[in-house]
Each structure stands twice: as C-alpha cells, then as structure tokens.
1. Among 11-22, 71-82, how do they line up by average Cβ neighbours within 10 Å per residue, starting with the highest?
2. Of the peptides 39-45, 264-270, how do they stack up when ordered by the mean number of other Cβ atoms within 10 Å, highest first?
3. For the residue pair Ser135 and Ala61, what label-to-label distance in nm results when each label sits 7 Å from Cα along the Cα-to-beta-carbon direction?
4. Arranged from highest to lowest average of other beta-carbon atoms within 10 Å per residue, in what order do the peptides 234-245, 132-143 appear?
5. For Trp149 and Glu36, FRET efficiency with R0 = 30 Å and r from the beta-carbon atoms, rounded to 0.05?
6. Sorted from fewest to most neighbouring beta carbons within 10 Å, what does the list Thr156, Thr119, Thr246, Thr51 look like?
7. Under the rule of -39500 (n - 2.57) per DSSP H run of 4 or more residues, summed and divided by the residues of the chain, what mean residue ellipticity at 222 nm is obtained, to the nearest 500 deg cm²/dmol?
8. Quick check on my link table: of Lys125/Lys268; Lys56/Lys211; Lys240/Lys264, which ones sit more than 30 Å apart, alpha carbon to alpha carbon?
Amino acid sequence: MQRGIGDGADICLVSGGDEIRLRSYVNHAVYARLHELDYRLECGVDEGIGTKFFYKTSILARVLPRYDWVVWLDDDAFITDFDRDGFRQLIEQAEADGHSIVIAEGPLEPNGFWSVANTGVMCLKRSPEVFDLLSVMDDSHLEFARDWWDDERHGTFTGGDQDLFVWWMETRGHRDRVRIVEHHALNSRGHYYEDSLSDAFVMHFCGYPDKKIGVVAFAERFGIGQELVPEDLLDRFSVKVRSPMTRPEIAARTQAWRWRGRLKPYLKPVWDKWRERRG
Ligand SMILES: [Mn+2]
C-alpha cells in the first residue's frame, strides 16, 4: 500500500560511509524515532568506488527506491533542534512546489570555503531527476565538473559529490527541480550558532581536522552530551552508552588540535603547493 507523505513511513533518514566514526548515528536515530521517520545507517562499500565521497552515491542508489523521500545526512552532521519537524516541513513544501531536491547553500566558513550548495544534508525525492543525479555522482564525471567549474560563481571545488551536484544542477536542465534553502534551515556551521542549539536545525562539522574533538567542544559549549541529544530524549529512547570519549582522550586530542593550530601558518603553504600540483 502506498502511504501518503506526512505519516512518517515513507521518509527515511540515511547516513553512513565505510566506517562508524562519530556518535551521529545515535543523534539521527533518536530524532527519527521522535518524529516517526525511518532511519538507516548504511555501509557503502561497493565495486568501483575511487573516492570516499561516493560511498554516499552507492548508499543512496540502494535506499532511494524503497522510500518516497530520503534525507541524506553526512556522518558529521548532527541535528541540534529536536523540536523542529524540519525535514517533513521542507519535504511537504517541496511536494507542493514540484521540487525533487531540497538542499542548503554552503555558507562561508572561517577558512574562506563556500559553495552554491552543500551536499552534506539533502532531501531527495524518488524521482527520475534524482536517479539522473546519482548516475553522474562518480569519479568518471569529476573532470567534466572541474573543467566547467568557476570559483567566483560556484565557490570552492572540493573534488567530490558536491561539485558534481552543482555541475549537474546547472548544466543538465534540472535547476527548477531544486530548492536551495538558507543554511539555518537544513545544514549550518558552528560559528552561526550564538546562544542556543535551536539557532539552526543541523550542525555540520565539515572542515574540522579532528571531527571527534570538534563535536565534543561544540557539545561542551552548549552543556550537552557528545551525542548532541537532550538528556530527556536519551532517557526516553533508552540510550545506555553516553558521551563515550573519556577526559584523558579529550585532553590529548585538544592538545593535538592546539598544536595543529600553531603549526598551521607554517604548514599551509606546503599544503597549498601540494594541492596545486595535484590540480
Ligand atoms: Mn560532511
């Protein structure tokens, strides 16, 4: 039986990659239970994957046929506003407006990175457009995207699925199927949070050299556990293991993080040169 949009069963949150490295799966699962969405954590290993970004393609190609909509969440994206029924609202709006994809702008990062859209979080409808998108999300199409890319217009080229998304949207005639929302609505960054976890819907830890300590530092800033899930919801959904990173590990990683910060001005020119040579 085909169920209607809005009763929960046909929207699935999906995350994964080739390893479990952060506590985000608890964050995602609790949110999904609370808002009656399905949730899948998938391992994307498959034949012919050259770049780690494309585990995402492999996962989405398997999961999308099973639902009306899937919400992709990178493993470094954590929901911070549990009261907000944000995915469902965006999807209902998209259905009303004839959109097949809802994605957020890639807002300016402290390191100067930005992009037209950020593929760390996106709502995707089971539709011909989205299957077409998945068909170009692989290593073999990256050189087309790179040749076409204009830093001034499109932002930072990252060498992955995000660039392919922008290239696909702008060149394959699907721009009118895509809604690009403002970052607070779907996919934000730490420096855009002021004093509350509900300042934005999802916090995406992109660009952190040590994501684990990035999450812990953000959690401590807001006096919440390492899952970024409110205590009453951890209780309600029977989460037994909480904030597993120990004090000594936090101290050691924080120290390493500080050293990296101190060395960065010296290492950056070397890194830039290496990237340049790589093209
Ligand atoms: Mn990410």
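Derivation of every value follows stated rules applied to the coordinates shown; laboratory data play no part. Quantities reported herein were computed from a predicted structural model and do not represent experimental measurements. All Cβ positions, glycine included, derive from the backbone under ideal geometry; neighbour counts span all protein chains shown.
1. Most protected by this proxy first, the peptides run 71-82, 11-22.
2. Values: 39-45: 16.4, 264-270: 9.7.
Answer by packing, highest mean first, reads 39-45, 264-270.
3. 1.2
4. Result, highest mean Cβ count within 10 Å first: 132-143, 234-245.
5. Values: r = 40 Å, r/R0 = 1.34.
After rounding, the FRET efficiency stands at 0.15.
6. Listed from fewest to most nearby Cβ atoms, that is Thr246, Thr51, Thr156, Thr119.
7. Helix-only estimate at 222 nm: -12500 deg cm²/dmol.
8. Checking Cα-Cα distances, Lys125/Lys268; Lys240/Lys264 exceed 30 Å.
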